[in-house]
Amino acid sequence: MKRSSIRLAICLSFFVGTSCKQNPPESTNAPIENTTWWKEAIVYQIYPRSFKDSDGDGVGDLKGIIEKLDYIKSLGVTAVWLNPIYTSPNADNGYDVSDYRGIMAEFGTMEDFDNLLEGMHQRDIKLVMDIVVNHSSDEHQWFKQSRSSRDNPYRNYYHWWPAEKGKPPYRYSLFDAKGDAWQYDSITDAYYLHYFAKQQPDLNWSNPKVRQEVYDIMKFWADKGVDGFRLDAFQFAAKDTTYPKFPDGFEKDFIQYYAMQDGLHSYLKEMNQEVFSKYDVMSVSEGAGRNFGDAHNLVDADRKELNMAYAFEGVDIPKYEGYELSTMKKVFSKWDKEFAEEGWLSIFLANHDQARMVSRWGNDDPKFRSASTKLLNTFMLSMRGTPYCYFGDELGMTNIDFDSISQYQDIAAINGYLKALSDGEDMELFLKKLNFSSRDNGRTPMQWNETKHAGFTTGTPWLPVNENYMAINVEDEDSNPESVLNHFRKMTEIRKRNPILVYGSYALVAPEHPTIYAFTRTLGDKLMLVLLNFSKEISEINLDSKWENHSILINNYSGLDYFDKSIKLKPYQAVILNID
Ligand code: GLC
């Protein structure tokens with residue numbers, strides 16, 4: 001029979017000679033090469049519409065973010081990525097920009113923006129802007145001009161196909177109710193291209209004037225002092241404008257046909273020369289192309305294009321049906337390996353285009369929500385790559401439960417529903433899947449306290465607040481040392497004090513273990529072992545003798561159970577061991 005000595009907390013270990021150190025290591029003596037602030041950054045992503053409303057109109061705004069700057073600082077994050085805040089008719093919540101130098105009226109004014117930036121910089125927090133230039137809004141002046149006549153000087157800012165040539169070869173649109181990326185426009189009897197919604201016409205990047213306009217816009221923001229750019233959907237910017245016919249069914253694998261087309265790298269090199277090289281800014285592109293080669297070509301330092309890749313293969317793993325831990329291990333490990341020597345990655349499990357982290361990757365049952373969110377945050381903040389933490393995930397915010405399409409606000413959900421309906425899909429199943437995966441799940445308002453609408457607004461929130469705000473909110477979690485929020489803060493502190501977690505090499509341990517994700521991080525003579533039980537059952541893992549001498553750096557439970565040469569992890573237990 002195994003000895004079941006449950007060791008409670010702090011400094012007990014079963015192993016002979018195990019020592020308990022009070023202080024985690026603060027640095028390594030090993031020289032670290034190619035250090036940069038953006039590799040060391042911990043990014044907090046804010047969806048401004050849902051963060052904090054300061055004026056009672058039900059929509060979050062810049063003054064609301066300003067009110068919460070001390071909170072943001074208290075998280076230990078070092079940079080904020082703001083989803084688009086530019087003037088927009090909001091067909092896609094700001095991802096349809098009608099003035100790239102204006103602030104969306106609902107969000108405030110340029111003065112508010114300047115105050116926000118100043119407030120962030122005073123607190124040593126960097127600001128990364130979202131640049132949406134694969135497409136603009138159909139209400140942008142450029143498009144209004146472009147559609148007005150065939151010989152307008154702005155005509156060539158967009159992609160047009162004259163109707164007298166017949167219907168253009170089919171292109172798939174991600175957000176169109178018919179899935180058709182060509183929209184007929186009677187004003188000039190022509191079709192225009194929109195990879196997203198029809199209110200989001202694609203800009204013509206082969207036109208040097210368009211490119212120059214974009215660089216000028218980026219310089220406008222860089223001159224204000226912003227610290228970085230996230231390039232929205234940019235992998236799709238280059239197009240083969242001869243519009244060859246694609247094989248039937250190509251849309252199931254549209255990335256292969258849409259991403260990284262000829263010209264894209266030259267546009268990025270030009271952007272780098274014109275903008276990035278002139279400022280101390282970080283750059284990240286949404287999507288990392290079709291394969292590792294594409295991803296390296298985007299971000300390897302000698303390419304002089306972008307700083308870091310933001311690849312989707314990881315975040316896309318969990319599905320309505322669930323996911324296999326083995327897949328998660330395989331995917332994160334292969335990306336790490338591929339970028340071990342050259343290039344740099346983003347690490348993220350959620351964003352504004354996904355449902356909530358704990359509902360997809362963990363277990364949002366109240367019994368396990370807290371432990372499993374802490375586990376996921378431990379993972380994100382102990383991996384190599386720049387972590388991007390989505391607002392609310394530091395609290396363990398969960399999916400909201402919508403059962404009717406009328407409850408959704410997102411254009412992708414609404415038009416996706418219309419398309420599924422006309423395709424004759426099983427609509428009951430469609431709604432169940434949407435309930436699990438919709439982007440609106442990740443966009444419900446931030447839960448600040450127990451007052452009405454969770455303290456997000458004094459008005460009516462643009463999207464309902466999740467009913468569980470009495471149990472999950474900043475105020476309660478702030479005062480509870482064992483909360484998800486305070487665990488998040490401990491993790492950011494640990495990452496910042498331990499360069500090994502930023503720069504150290506990564507190695508998977510016990511790759512075949514069905515429920516535990518275990519890996520080491522190594523830098524110089526420092527070694528850490530991360531143990532994560534991705535299961536609601538107790539899980540056991542054998543420990544190598546070389547790890548016997550260790551101290552616990554962080555633990556989402558109050559103790560760790562040792563049995564002979566193994567450790568038993570409680571449901572969703574997550575620990576980092578500092579190996580002597
Ligand atoms: C990106 C954004 C998403 C937006 C789309 C169109 O994928 O992350 O929110 O809807 O581009 O701009």
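The values are calculated or read from the model by the stated rules, or taken from the named source; none is laboratory data. Values in this document were obtained by computation on a predicted structure and should not be read as measured data. Cβ sites come from the backbone with ideal geometry, for glycine too, and all protein chains shown count toward neighbours. Please note that ligands, DNA and RNA were not included when accessible areas were found on the heavy atoms of the full protein model with its side chains. Shrake-Rupley method; radii C 1.70, N 1.55, O 1.52, S 1.80 Å.
Structural remarks
- Check on GLN199, of a type in the set (S, T, N, Q), at pLDDT 95 or above and within 16 Å of the ligand (Cβ to nearest atom): yes
- Candidate set from region 421-447 (those that are of a type in the set (Gly, Ala, Ser) and either without any contact (Cβ under 8 Å) to a residue 60 or more places away in the chain or exposed (fewer than 15 other Cβ atoms within 10 Å of the Cβ) (or both)); member that is farthest from TYR47 (Cα to Cα): GLY424
- Put simply, of LEU381, LEU421 the only residue that is closer than 30 Å to LYS337 by Cβ and more than 16 Å from the ligand (Cβ to nearest atom) is LEU381.
- A Cβ distance below 8 Å, combined with a sequence gap of six or more or placement on separate chains, defines the contacts here; from region 166-183, residues that are closer than 13 Å to PHE246 by Cβ and within 16 Å of the ligand (Cβ to nearest atom) reach residues that are of a type in the set (A, V, I, L, M, F, W, C) and assigned to a loop (DSSP other than H, G, I, E, B) in the pairs ARG171/ALA181; ARG171/PHE246; TYR172/ALA181.
- Some residue of region 393-407 being outside any helix (DSSP H, G or I), at pLDDT below 95 and surrounded by fewer than 19 Cβ atoms within 10 Å (Cβ to Cβ): yes
- Members of region 566-580 found to be assigned to a strand (DSSP E or B) and open to solvent by less than 30 Å² (accessible area, probe 1.4 Å), listed by number: SER566, ILE567, LEU569, ALA574, VAL575, ILE576, LEU577, ASN578, ILE579
- Among the conditions (1) within 16 Å of the ligand (Cβ to nearest atom); (2) closer than 20 Å to GLU475 by Cα; (3) surrounded by fewer than 21 Cβ atoms within 10 Å (Cβ to Cβ), the only one that ASP70 does not satisfy is (1).
- Test: residue in region 83-93 that is closer than 30 Å to ILE494 by Cβ and within 16 Å of the ligand (Cβ to nearest atom): yes
- Residues in region 186-206 that are part of a loop (DSSP other than H, G, I, E, B), more than 18 Å from ILE131 (Cα to Cα) and open to solvent by less than 20 Å² (accessible area, probe 1.4 Å): THR188 alone.
- Filter pass, GLU139 being within 16 Å of the ligand (Cβ to nearest atom), surrounded by fewer than 22 Cβ atoms within 10 Å (Cβ to Cβ) and either charged (D, E, K, R) or without any contact (Cβ under 8 Å) to a residue 60 or more places away in the chain (or both): yes
- A count restricted to region 359-383 and to residues that are in contact with a Phe, Trp or Tyr (Cβ under 9 Å, 6 or more places away or on another chain) and β-branched (Val, Ile, Thr) stands at 1.
- Matching helices (runs of 4 or more DSSP H) fully within region 212-317 where at least 1 residues are over 22 Å from the mean Cα position of the chain (by Cα) and crowded, with 19+ Cβ neighbours inside 10 Å: 264-274
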